[in-house]
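K.L.:
My questions all concern the structure below.
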Amino acid sequence: MEDDGAYSSGREAFERSLAPLAERFHALGGTLPTYVPYAPTKFEDQVRALLDAKPPAFSFIYGVPPKEILDECRAQGIRLIGTATTPDEAIVLEQAGVDVVVASGFEAGGHRGSFLRSPEESLTGTFSLVPLVVDAVSVPVIAAGGIGDARGIAAAFALGAEGVQIGTAFLACDESGASLLYRHALLNGDRRRTALTRGFTGRLSRGLHNQLLEELNRPGVEILPYPLQRALVNSLSSLADKAADPELLPLWAGQSVSLTSVTEANALLHRLVSDVSEIAGPVIRWNSERGSK
């Protein structure tokens, strides 16, 4: 869903947000984008595509979809997976009837999915958030954010998670659909530095620190509401991708990006399963013994 300001944001705001990027458009040989009033994608069409596809699970962020959508998913046997960045959000999701809650921590790449309070007020780390959410709800919890290898998976299990969600490590794999330039940056760039920014889309998100992120985070730079800022940055990034310039691409990545090294998804999955089996055996046995007392 778009930010409220997307409907009221006009030409003057667009020009102010474009100004810091204008030099970059010219340097890449492109023409400056022009202002177009916001025309939203119909949410009903997106929902219909979801229901027609009949996926085994529907995973969502930024709150709770309307009840009639959730009811239709249940009627079709589609499992519901909601994302929480705080224990309070997890409780709201459970009350809405989700089957699984994803506890998404501060370390995660991409958008912060907060919906009860601002993202800046909801920046809890994964390994503080997971046990809080596990204690707050009765449904299974998936840990997400900053998990890049078997050690993170084992730690999540020890804290009560019943599964993990890994993004950045698989994003760097050939099968991910990410561009070669993007995957190369994840594997070979200044990978120890990530940062939060609203500059990529208008909503707070985490990505690799590069020239684009740094320039958009400078004081005084005006950021358009979501998704207007995303459209503006996408106009620049399409030129940057053609010019093979990763410094001007929005490169989503979590804080565990430095652990990323495998480029084939099946090999990565097998490595994770094998390594977790070695590490988590004692953890699983310990948890089992605790439960029997």
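The values are calculated or read from the model by the stated rules, or taken from the named source; none is laboratory data. This is a predicted model, so every value here is computed, not measured. Here Cβ is always computed from backbone atoms with ideal geometry, including for glycine, and neighbour counts include all displayed protein chains. Surface areas here come from the heavy atoms of the whole protein model, side chains and all, with no ligands, DNA or RNA. Shrake-Rupley method; radii C 1.70, N 1.55, O 1.52, S 1.80 Å.
K.L.:
Out of all the residues in segment 179-188, is one or more buried (at least 18 other Cβ atoms within 10 Å of the Cβ) and without any contact (Cβ under 8 Å) to a residue 60 or more places away in the chain?
P.N.:
The answer is no, given that none of the residues of segment 179-188 is buried (at least 18 other Cβ atoms within 10 Å of the Cβ) and without any contact (Cβ under 8 Å) to a residue 60 or more places away in the chain.
K.L.:
Also: With the structure loaded, tell me whether Ala13 is at pLDDT 95 or above and either more than 16 Å from the chain's Cα centre (by Cα) or among the β-branched types (Val, Ile, Thr) (or both) or whether it fails that test.
P.N.:
Answer is yes for this residue.
K.L.:
Right, another one. Which members of segment 235-264 meet the condition of being of a type in the set (Ser, Thr, Tyr), open to solvent by less than 70 Å² (accessible area, probe 1.4 Å) and in a loop (DSSP other than H, G, I, E, B)?
P.N.:
Ser256, Thr260, Thr263
K.L.:
Next question, about the same structure. For segment 4-27, give me the residue count where each residue is surrounded by fewer than 17 Cβ atoms within 10 Å (Cβ to Cβ) and touching a residue at least 60 places away in the same chain (Cβ under 8 Å).
P.N.:
4
K.L.:
Of all the residues that make up segment 139-151, how many are closer than 19 Å to Ala57 by Cβ and either acidic (Asp, Glu) or surrounded by fewer than 20 Cβ atoms within 10 Å (Cβ to Cβ) (or both)?
P.N.:
Qualifying residue count for the region: 2.
K.L.:
From Arg206, Arg198, Arg192, Arg230, which residue is modelled with pLDDT under 95, at negative phi and either of a type in the set (Lys, Arg) or open to solvent by less than 10 Å² (accessible area, probe 1.4 Å) (or both)?
P.N.:
Arg192
K.L.:
Does segment 130-168 hold any residues that are acidic (Asp, Glu), farther than 15 Å from Ile81 by Cβ and under 21 Å from the mean Cα position of the chain (by Cα), and which are they?
P.N.:
The one that is acidic (Asp, Glu), farther than 15 Å from Ile81 by Cβ and under 21 Å from the mean Cα position of the chain (by Cα): Asp149.
K.L.:
Test Ala154 against the criterion of being open to solvent by less than 40 Å² (accessible area, probe 1.4 Å), in a helix (DSSP H, G or I) and among the hydrophobic types (A, V, I, L, M, F, W, C), and give yes or no.
P.N.:
yes
K.L.:
Scan Glu175, Glu215 and give me the residue that is of a type in the set (Asp, Glu) and either closer than 17 Å to Glu23 by Cα or buried (at least 17 other Cβ atoms within 10 Å of the Cβ) (or both).
P.N.:
On inspection, the qualifying residue turns out to be Glu215.
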